[in-house]
Amino acid sequence: MKRQQFEKRGFSDRGEFQKREKKLDMSRSEEFGYMLGKTVEGLPDSVRGAIRGTIYSLASKKGIKEAKEFIGRKYQEGVIDYDTQKKLINLIYDYSKYR
């Protein structure tokens, strides 16, 4: 088995499966992007794009846990309000799956 095929199947170097994490469901990524845009449209233009891009990136590449932590930090900094925080957290959980 070639090295690339070996890595694609989820095996580590020791032959064990890698731990699966909850991440953005990429088959529904366009719908997620649209809903994310609708959720953050009440924010100022200066932060809307940065928050939207960072949440999308974290949810798709690193995982839902990291995206949730980012949303919590932005709430503590006062960038987003409580209602927006709850909507964003619910949104990332609705559009996620283990992969």
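The values are calculated or read from the model by the stated rules, or taken from the named source; none is laboratory data. Every value quoted in this text rests on a predicted model; they were computed, and no experiment measured them. FYI the Cβ positions are ideal-geometry reconstructions off the backbone, even for glycines, and counts take in every protein chain you see.
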(message) Looking at region 8-17, can you tell me whether even one residue there is loosely packed, with under 12 Cβ neighbours inside 10 Å, touching a strand residue (DSSP E or B) at 6+ places or on another chain (Cβ under 7 Å), of a type outside the set (Asp, Glu) and modelled with pLDDT under 95?
(response) yes
(message) Quick check on my filter: what residues within region 60-99 are small (Gly, Ala, Ser), part of a helix (DSSP H, G or I) and farther than 19 Å from residue 31 by Cα?
(response) 72
(request) Please enumerate the residues belonging to region 26-51 that are loosely packed, with under 13 Cβ neighbours inside 10 Å, in a helix (DSSP H, G or I) and touching a residue at least 12 places away in the same chain (Cβ under 8 Å). (result) 26, 31
(request) Looking at (1) at pLDDT 95 or above; (2) basic (Lys, Arg); (3) not in a helix (DSSP H, G or I), find the lone condition where residue 20 falls short. (result) (1)
(message) Suppose we keep only residues that are in contact (Cβ under 8 Å) with a residue 40 or more places away in the chain and under 15 Å from residue 34 (Cα atoms) within region 52-95. Which one would you say is surrounded by the most Cβ atoms within 10 Å (Cβ to Cβ)?
(response) 88
